[in-house]
Structure formats: C-alpha cells, structure tokens
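**Student:** If you scroll down you'll find the structure; I have some questions about it.
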Amino acid sequence: MLETAPRSPFALTDPDRERLAARLALAVSRARRAGGEVLATISLPLASDVDPSAVVCASRRPGEHWFVFEQPDRGHVALAGLGEVASLQAAGSARFASVADRWRALSAAAVSDPADEPPGGGVGGGPIAVGGFAFAPDGGSSPHWRGFEPAALTVPEVALTRKSHRGELSVGMTLAALARPDDVPEELLARLQRRLAELRCRELPLLDPAPTGRFQVASAMPPEHYEQAVARATELIAAGHLQKIVLAREVQVHAPSAYDPAAVFGVLRQEFPSCFDFCVGRGDSTLIAASPELLVRREGHRVSTLALAGSTRRSADPAVDAHLGEQLLRDSSYREEHAIVARRIERILRPHAIWVTAAPEPELVRIANIQHLATPIRAQLAAPIEALELAGLMHPTPAVGGEPLAGAAPLIPALEGLDRGWYAGPVGWTDGAGDGEFCVALRCALLHENVARCYAGNGIVRDSDPASELAETEVKLQALLPLLAG
C-alpha cells in the first residue's frame, strides 16, 4: 500500500480555496469596472509551531524582495514577507505622506478580511505593507544602496505573522494578489498556489563558527576623520549654532566568501532578543540589524515610542557592569544628550494627543554589548493618525539627527562624508487599519555578496570628546562585527 505524502502546513483547504477564488474574482471585476488595480487578500491561521522568519528565509526566490522583523522578548512577535505584489515608492520631503496616501487608497479598496478579525493572532485580518525609509529625503543614491529607495513599502505575496496572547502563540498567513482589468482570476489563484507549494518549514541555517580565509576590516574613512568631525561639531555647538548633532561612521568588512543573511539573522535574534531584529532583502543586497530603538508603534489611538540616547559598554563582571550603568545615569553630558531627545519627542506628540506621558527619569536598557539611557513615552491620540504619518512626524528624532534639525540636517553629510542610505531610517510595517510599528535602523549592516558595510553613530553635544566618541562607535559596532568578521 502506497503511503500518502504528509499534507503541507500551508496547503489550502477546499473551503479556503473557494473563498480565495471568490475574492480574486471580485477583485478582478472591480478592477475592470474602475479601470485600475485592486488588492485582494485572504488571511488564514497556521500551526503555532511555524516559524515565520525561518519559512521566509528557506523559501525566498533568488533576487526577490523579502522581509523578516522580530522582537523575541515581546511575546515572540514576528512578521515575515515574501515577494511583492505592489510597490509604494517616493522620494523627497513629502515621501512619508505620499506613501501613506497611496497605501490608504490601496488598502481601503482591497477585497479582504475585516482588519479587526485576525485569522489566528496575526497583526490583523487585512492587507499588510512592509519596508522602510532612508534617513535623508533623497538618501540611498550611492550604488551600494541600489534597491533601497528613499521610501519603499511593498505588499508581500505571502506574509506570516506570530504573536502571543495570554501566553499562547498564534500564527497567521496572509496571501495577496493585485488584480488588474486584464487578469484572469483562475491564473491569479494558480500563481498563489504555486507560491504556497514552494513554502518550506526549515530551521534557520547555522553561522559557520570557524570560516576559512582572511577577513579584512577597515573604516570607509580614516578614524581621524571621525574625530575631526566631532571636534568641528563641538565648535559649532559652542558657538550656539546647534544643541546636538549625531555623526556616524562606516566600517567595511570584506569576507572570503559571500554572507548568508539568514544565518546572521539567526544569531542576532538569539543574542539580541530585546531588540528589533530584521532583514530587508532587495535584489542581491540585504540590510540586517539588531536595533534597540522603537520609533513609533500605533495600536488604535495608543502610541508608544522610546527616547534612546547616551550609551556605555557592558562588562562580564556584574559589579563593574552595574558601576558603568550608574556612571551613565549620572553623567551630565549623556543626560543632556538624552533630555534633548525626550523633549523633542514630547513636543512632536503633544499637539496630536489628549495626553503624553514619559517616565520622570531615564532608565537603563541593557543589551548584549552595550547599555543605553532610555525613556519610554506613551500618548493617546486626539484624532486618528496612521502609523506611516506618525513615522513621518517623528523621523528623524535628535537621537539620530540633531537639534535643531534644520541646522543639523545639512551638516550631517558634510561632516560624515557618507551616504547613510537606510541607516538611521524607519523600518517596519503597517496594516489596513493604520496600525503599525517602525523601529530605527541602528546596529545595522548592508550585506552584498562578500562585503558588509556596518554603521554606528553617536550624539555629539557641547562637552563631547572626539577620542571618547570614536571609542563609543567601536562599542556599538561590536553588535555585528564579531559575526561578520569571523
């Protein structure tokens, strides 16, 4: 007697296939009437042991867009996407508003599940868009940032989500198709079924613990250049032109063989579970990060964010580690830097909120190799403002830009001498209800074949010391350099 193959965890049941076919037919019908494009989605529950990020890493096609985004310590929340059925891109100072308007129109007209009826605990039952933004309005023009436009959100063909509710994990899957007037519903259905047949449940690959060959690590600009930039910045601050400016540097790693971003991601989510661990794949390049900084999270009328500025190293000795943290809490320069960030965030939110509340004193946030001063800030919106609009209002905070921003913005590229691209820009997701979550792309590296470009920056204030600031960037770079430099 022949054994039957085990059923795929992603296979559609007959009722689900019929429901999806009906949605696709309706979307094509609407597209023909309107003479445009109509998004169709369906959301389904999956087994709770499905790992969204691992599925996407194992199932991505060469060169296609892919996205994984996790914060393990926050209820094992995860969102991962494969493919692209719609792309929302923009550049310039209005890029947030432009993308928000297009997403609002696309998601409002979608044929989908109600956003308030999640399929099995995903981020919602409707359509999802994922992606990010460059730090500067027209950032990312350098060749190595190709594919990372100043603003770029994609609607994935398959999105997998996971969250925890009352201690129980639930996983959902959303399938999407963009119907055009000349599309045939049966062909759209067949395309989605082919994609489902390609999905694989495999563990993330392991990072080679002892790679062979020689790694080369070098600053894109000499370290002295960074010290000189800090010295010039302190002169401008002393002259009253600025209160604070954030300056970053780039360190390049040339490996003996091509990087596997999935293996690097697996280590990051294990070593940095409190961070936003993510990969954004564009063509042959991947932006990968373990970022400690939340830019904004919107859940209905509730908004959460985090003022994060001021940092020092960790120590394996608990007593020394505690002493370093206490010094950070008492350091007047770091406290000034942190207060600038917290005040600006509160000023931005207050005109749009019924109330804004922040902790009276900063707290310590400790991650694997560094500890930060942090102040959680929450607000209740007075009127609906979508996550993309909030991200546009908040970005860039003084934690990655400067104060005042108008004075700092033109000085940052002039002093740094680099194209930040998506470094220090918002990365995350949004749904059809306008909820969403964006972190700041810090502790990140851009991987392309065997080259990794790592970025780290510091907030410079009146009393900043160039040598100390250079040393602090080295501490921040240690989040990724040990993984990327063998």
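The values are calculated or read from the model by the stated rules, or taken from the named source; none is laboratory data. Since the structure is predicted, the reported quantities are computational estimates derived from the model, not experimental observations. Ideal geometry is used to build each Cβ from the backbone, glycine not excepted, and the neighbour counts take in all protein chains shown. All accessible areas refer to the heavy atoms of the entire protein, side chains included, with ligands and DNA or RNA removed. Shrake-Rupley method; radii C 1.70, N 1.55, O 1.52, S 1.80 Å.
**Student:** Considering only segment 58-82, state which residues are in a loop (DSSP other than H, G, I, E, B) and either β-branched (Val, Ile, Thr) or touching a helix residue (DSSP H, G or I) at 6+ places or on another chain (Cβ under 7 Å) (or both). Explain how you work it out, then say what you get.
**Tutor:** Within segment 58-82, the subset in a loop (DSSP other than H, G, I, E, B) is 60-65, 72-76.
If the condition is that a residue be in a loop (DSSP other than H, G, I, E, B) and either β-branched (Val, Ile, Thr) or touching a helix residue (DSSP H, G or I) at 6+ places or on another chain (Cβ under 7 Å) (or both), then Pro72 is the only one that fits.
**Student:** Of everything in segment 61-70, what is within 12 Å of Val158 (Cβ to Cβ) and surrounded by fewer than 22 Cβ atoms within 10 Å (Cβ to Cβ)? Give them in sequence order. Give the derivation first.
**Tutor:** As a first pass, look at segment 61-70 and keep what is within 12 Å of Val158 (Cβ to Cβ): 61, 64-67.
Within segment 61-70, Arg61, Glu64 qualify.
**Student:** Return the total of residues in segment 11-35 being in a loop (DSSP other than H, G, I, E, B) and touching a helix residue (DSSP H, G or I) at 6+ places or on another chain (Cβ under 9 Å).
**Tutor:** First, pick out the residues of segment 11-35 that are in a loop (DSSP other than H, G, I, E, B): 11-13, 35.
Then keep just the ones that are touching a helix residue (DSSP H, G or I) at 6+ places or on another chain (Cβ under 9 Å); that gives 11-12.
So the count comes out to 2.
**Student:** Name the one entry in Asp73, Asp113, Asp101 that is at pLDDT below 95 and open to solvent by 60 Å² or more (accessible area, probe 1.4 Å). Before you say what the answer is, go through the steps one by one.
**Tutor:** Values: Asp113 fails: open to solvent by 60 Å² or more (accessible area, probe 1.4 Å); Asp101 fails: at pLDDT below 95.
None of the other options fit; the residue is Asp73.
**Student:** Further, regarding this structure: For Ala409, state whether it is open to solvent by 10 Å² or more (accessible area, probe 1.4 Å) and over 24 Å from the mean Cα position of the chain (by Cα).
**Tutor:** no
**Student:** Tell me yes or no: at least one residue of segment 457-471 is without any contact (Cβ under 8 Å) to a residue 24 or more places away in the chain, open to solvent by 30 Å² or more (accessible area, probe 1.4 Å) and not in a loop (DSSP other than H, G, I, E, B).
**Tutor:** yes
**Student:** Something else about it: Just to be sure, is Ala80 under 10 Å from Leu160 (Cβ atoms) and open to solvent by less than 50 Å² (accessible area, probe 1.4 Å)? Steps first, answer last, please.
**Tutor:** On the way: under 10 Å from Leu160 (Cβ atoms): yes; open to solvent by less than 50 Å² (accessible area, probe 1.4 Å): yes.
It is true that Ala80 is under 10 Å from Leu160 (Cβ atoms) and open to solvent by less than 50 Å² (accessible area, probe 1.4 Å).
**Student:** So, one more: How many residues are farther than 30 Å from Arg60 by Cα, assigned to a loop (DSSP other than H, G, I, E, B) and touching a residue at least 60 places away in the same chain (Cβ under 8 Å) if we restrict to segment 221-276? Step through it out loud before you land on a result.
**Tutor:** Going residue by residue through segment 221-276, those that are farther than 30 Å from Arg60 by Cα are 221-249.
From what is left, the residues that are assigned to a loop (DSSP other than H, G, I, E, B) are 221-222, 239-243.
Imposing the further condition that a residue be touching a residue at least 60 places away in the same chain (Cβ under 8 Å) reduces the set to 221, 241-243.
So the count comes out to 4.
**Student:** Looking only at segment 226-279, filter to residues that are among the acidic types (Asp, Glu) and within 17 Å of Leu477 (Cα to Cα); which one of those is modelled with the lowest pLDDT?
**Tutor:** We begin by selecting, within segment 226-279, every residue among the acidic types (Asp, Glu); these are 227, 235, 250, 260, 271, 277.
Next, from what is left, pick out any that are within 17 Å of Leu477 (Cα to Cα): 227, 250, 271, 277.
Details: Glu227: 97, Glu250: 97, Glu271: 94, Asp277: 97.
So, considering only residues that are among the acidic types (Asp, Glu) and within 17 Å of Leu477 (Cα to Cα), the one modelled with the lowest pLDDT is Glu271.
**Student:** Consider segment 287-304. How many of its residues are open to solvent by 10 Å² or more (accessible area, probe 1.4 Å) and β-branched (Val, Ile, Thr)?
**Tutor:** Residues in segment 287-304 being open to solvent by 10 Å² or more (accessible area, probe 1.4 Å) and β-branched (Val, Ile, Thr): 0 in total.
**Student:** Go through (1) under 28 Å from Phe215 (Cα atoms); (2) of a type outside the set (Lys, Arg); (3) in contact with a His (Cβ under 6 Å, 6 or more places away or on another chain) for Asp419 and report which single condition fails.
**Tutor:** (3)
Matching residues to (1) of a type in the set (Phe, Trp, Tyr); (2) closer than 30 Å to Val440 by Cβ:
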position	(1), (2)
Leu106	no, yes
Gly126	no, yes
Trp145	yes, yes
Phe148	yes, yes
Leu153	no, yes
Arg180	no, no
Glu186	no, no
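**Student:** Shifting gears a bit: For segment 173-194, give me each residue that is closer than 18 Å to Arg60 by Cα and crowded, with 18+ Cβ neighbours inside 10 Å.
**Tutor:** Met173, Thr174, Leu175, Ala176, Ala177, Leu192
**Student:** Looking only at segment 220-239, how many residues end up being open to solvent by less than 40 Å² (accessible area, probe 1.4 Å) and either closer than 18 Å to Ala456 by Cα or touching a Cys at 6+ places or on another chain (Cβ under 6 Å) (or both)?
**Tutor:** Going through segment 220-239, the residues open to solvent by less than 40 Å² (accessible area, probe 1.4 Å) turn out to be 226, 229-231, 233-234, 236-237.
Narrowing further to those that are either closer than 18 Å to Ala456 by Cα or touching a Cys at 6+ places or on another chain (Cβ under 6 Å) (or both): 226, 229-231, 233.
Residues that pass the stated criteria total 5.
A quick yes/no check of all residues on (1) farther than 14 Å from Ala399 by Cα; (2) open to solvent by less than 50 Å² (accessible area, probe 1.4 Å); (3) under 20 Å from the mean Cα position of the chain (by Cα); (4) touching a residue at least 24 places away in the same chain (Cβ under 8 Å):
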{"site": "Ile340", "(1), (2), (3), (4)": "no, yes, no, yes"}
{"site": "Arg347", "(1), (2), (3), (4)": "yes, no, no, no"}
{"site": "Pro351", "(1), (2), (3), (4)": "yes, no, no, no"}
{"site": "Ala359", "(1), (2), (3), (4)": "yes, yes, no, no"}
{"site": "Leu364", "(1), (2), (3), (4)": "yes, yes, no, yes"}
{"site": "Ala374", "(1), (2), (3), (4)": "no, yes, yes, yes"}
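**Student:** Looking only at segment 412-445, filter to residues that are assigned to a helix (DSSP H, G or I) and in contact (Cβ under 8 Å) with a residue 40 or more places away in the chain; which one of those is most open to solvent (accessible area, probe 1.4 Å)? I'd like the intermediate steps shown before the answer.
**Tutor:** Filtering segment 412-445 for residues assigned to a helix (DSSP H, G or I) gives 412-416.
From the residues that got through so far, the ones that are in contact (Cβ under 8 Å) with a residue 40 or more places away in the chain too are 412-413, 415-416.
Numbers: Ile412: 4, Pro413: 71, Leu415: 27, Glu416: 9 Å².
So, considering only residues that are assigned to a helix (DSSP H, G or I) and in contact (Cβ under 8 Å) with a residue 40 or more places away in the chain, the one most open to solvent (accessible area, probe 1.4 Å) is Pro413.
**Student:** Give the number of residues within segment 243-266 that are β-branched (Val, Ile, Thr) and under 12 Å from Leu484 (Cβ atoms). Before you say what the answer is, go through the steps one by one.
**Tutor:** We begin by selecting, within segment 243-266, every residue β-branched (Val, Ile, Thr); these are 245-246, 251, 253, 264.
Of the ones still in play, those that are also under 12 Å from Leu484 (Cβ atoms) are 251, 253, 264.
Counting residues in segment 243-266 that are β-branched (Val, Ile, Thr) and under 12 Å from Leu484 (Cβ atoms) gives 3.
**Student:** Okay, moving on. When you look at Ala379, is it crowded, with 22+ Cβ neighbours inside 10 Å and in a strand (DSSP E or B), yes or no?
**Tutor:** Values: crowded, with 22+ Cβ neighbours inside 10 Å: yes; in a strand (DSSP E or B): yes.
So Ala379 fits the description; yes.
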